[in-house]
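First comes the structure, then the notes that go with it.
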Amino acid sequence: MKKALYLPLMLASIVVIFLAGTFLSGQTLSGVRVDLTQNGLYRLSPGTLAVIDRLNEPVEWRFYHSRAEAAQYPAVRSYATRVRELLRAYEKQSGGRIRLIEIDPAPFSQAEDEALAAGLAALPTDTGEQIFFGLVARNSVDDQAVIDLFDQADEARLEYDLTRLISDVDRPERPRLAILTGLPLDPSNGAPNRFIADLNDAYDLQWLDRDFDRIPDAAALMIIHPGRLNEGQLYLIDQFALRQGRVLLLIDPMAHMALRPGLDGLPPVDAQRASDLPMLLANWGVAWDSESVAMDRTLGLPVEIIDTDGRARRRAYPLWFSIGAAQIDGDDLATATLDRGINFGSPGALVFLPDSGFEVTALMTTSPDGALVDADIAAGAPSPDDLLRDYEAGREPVVLGARLRGETGSAFPDGPPAADAMFSPADHLNRSVTALDLTVVADIDWLDDSFYLRSDPAAGDMIVADNLALAMNLVDMAAGDPALIGLRSRAPSARPMTRVDDLRAEAEARYVEIQDRLEAEIDAAETRLQELLGSGQASGLADPGARAGRDEAVALRQQILSTRAHLREVEREFRHDIDALNSSLQFWTIGVPPALVVLLGLAGALTRRRRSAT
């Protein structure tokens, strides 16, 4: 063979082999999926597999995605690829029971009208166009469930939302949630708060009277600051927990919602400051002290305090505080996506009994600087100074909310209360039928609108904390599909350059430290200068003997000018350091790899040429 034809024939052969291999793999390996991503982005959880396996009828998924409009936004385009691949994983796993249809709704088209009619949200763009990025699920009888918009901020909940969509279509009736509370939250007693309104939209709520003698059949029981319960009512709760295994309990040692004054300016006659479930909490492995209130001086919310001189100042109030990502469990599905913090008001402290047999997950805690104070002191509305005077931080953070899972026995091992003839000993359960999934939060005030909503006359109500999101997540986990309870939160597909972020944060920390010191020097100099000007010592009309004051004022002005110049120089150096870091990263990540490939290619070519020459 002529050498001149060798290279073209070799390249043509490679192309033919590649095309043939692609065709054969598409015909024979189209159903094979290997997930090699570090976090298993396309691997479905056992709970999802269980929901798919029990599908009784086909489900149609209509994935609405405005491709052309979204192409201009890299973040939306990238997340759409992530969602599409996960949807295809569901479709493949279902064995034909889930049919995925992708629709690109053009402006003013029938597909766009169908998307709007189904309840999808349209994202506006800079050009005036709209982006649809949602999912509509339908079964064979046209029961429908919708994800109106895929939000990348909720990527950790992506699999949960998709699996719940299947569950909602497979079981279209609303889950029933039984609620026991000593607070006037029932909509029939007045206007409910935002949480109750959202809850009423999503669930069939069954409100228990204060003198209830039975608990209706429900997916879960939610107990919010219960009043005084008799032994028979405690027994009903015990048996429900053993039979159904889903309880969401909110108790409080200092319930401001319960003590809120009515129209007469007084709290309700039967208002209780603290709540408890005697017998039951100890049986569930929780040691509860209704006379202790948690506080945190590091995380205190700002409140307006009137000093003794009559001036108002904003101070951090340790009894009302906001926990952030560092105090919230990042693995539990109910808390994994919370990023705006949770605001608490005089919560309690949860302590867990050893050897209870429960798997305990602390969902929310104080910072390591958390402490406890007597509930009687907290009830007296102490000032920040009063609370800080004898403040003593504990040895570890205070647990504010937790999830407990495990098998348990009855708090009534001898059977139902003997004095109550309404219970049949034959129906008594001594052990749980299913593992108990109990969530306990040691506060109720975090559900009050004022703790997470801010009213703006122009913009309306603004959510400033994730209290509502957490509350709905906890209920979803308790009253939703049992297969969803253990569903893990999805790791984000984004792979941040943590080393780069650490370097940038380190540089910024150095800058902030210097900036704070220089700004403090400027403030001190300006304060002293104002004192001199106010007293007249820096005036040219002052007594000739006051020359020292004028000289000090001149020196202070020069100090302020030079310090401000130094501050500007520090800012320039910071920007220079960040730019140098970015340039270095671009060099090593963009410039070096191609250069190495070129050098290796040249080295290989030279080596072959030398061998040919010899």
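Just order 579-591, 399-411, 207-219 by mean Cβ neighbour count inside 10 Å, highest at the front, would you?
Result, highest mean first: 399-411, 207-219, 579-591.
With a cut-off of at most 11 other beta carbons within 10 Å, and DSSP calling the residue loop, which trypsin sites (Lys or Arg not before Pro) in region 304-396 qualify? Please list them.
ARG311, ARG395
Quick one: accessible surface of ARG273, probe radius 1.4 Å, all protein chains present, in square angstrom to the nearest 10.
Approximately 60 Å² of ARG273 is accessible to the 1.4 Å probe.
How do HIS256, HIS225 stack up against each other in accessible area, from largest to smallest, with a 1.4 angstrom probe?
Descending order: HIS256, HIS225.
Give me the number: length gained by fully extending ASP204 to THR434, i.e. 0.36 nm times residue separation minus the C-alpha to C-alpha distance, one decimal in nm.
Working it through step by step, the gained length comes to 80.5 nm.
Write down the accessible area per residue of region 176-479 in Å², having rolled a 1.4 Å probe over the full set of protein chains.
45 Å²
What percent do you get for the relative contact order of region 176-479 when only Cα pairs under 8 Å and 6+ apart count?
Computed over region 176-479, the figure is 22 percent.
Kindly work out what percent of the DSSP beta bridges joining two residues of region 176-479 are antiparallel, to the nearest 5.
The answer is about 70 percent antiparallel.
Return the ratio Rg/(2.2 N^0.38 Å) for region 226-293, where Rg is computed over Cα atoms only.
Ratio of Cα Rg to 2.2 N^0.38 Å: 1.29.
Tell me the chymotrypsin sites (Phe, Trp or Tyr not before Pro) within region 381-456 that lie in a loop according to DSSP and have at most 10 other beta-carbon atoms within 10 Å.
Nothing satisfies the criteria.
Could you compute how much accessible surface ILE101 exposes when probed at 1.4 Å, giving the result in Å² to the nearest 10?
Solvent-accessible area, nearest 10 Å²: 40 Å².
How big is the Cα convex hull of region 176-479 in projection, averaged over all directions, in nm²?
One quarter of the hull surface, i.e. the mean projection, equals 17.5 nm².
Long-range amide H contacts for VAL59: which residues qualify at under 5 Å (H placed 1.01 Å from N, peptide plane, sequence gap of 5 or more or a different chain)?
Placed amide hydrogens put ILE98, ARG99 under 5 Å from VAL59.
Taking loop as defined by DSSP and a crowding limit of 16 other beta carbons within 10 Å, which GluC sites (Glu not before Pro) in region 100-182 fit?
Filter output for region 100-182: GLU129, GLU173.
The values are calculated or read from the model by the stated rules, or taken from the named source; none is laboratory data. These numbers come from a predicted model, not from an experiment. Reconstructed Cβ throughout: ideal geometry from the backbone, glycine too, with neighbour counts over all protein chains shown. When the accessible area is computed, the model is the full protein with side chains, heavy atoms only, and any ligands, DNA or RNA have been set aside. Shrake-Rupley method; radii C 1.70, N 1.55, O 1.52, S 1.80 Å.
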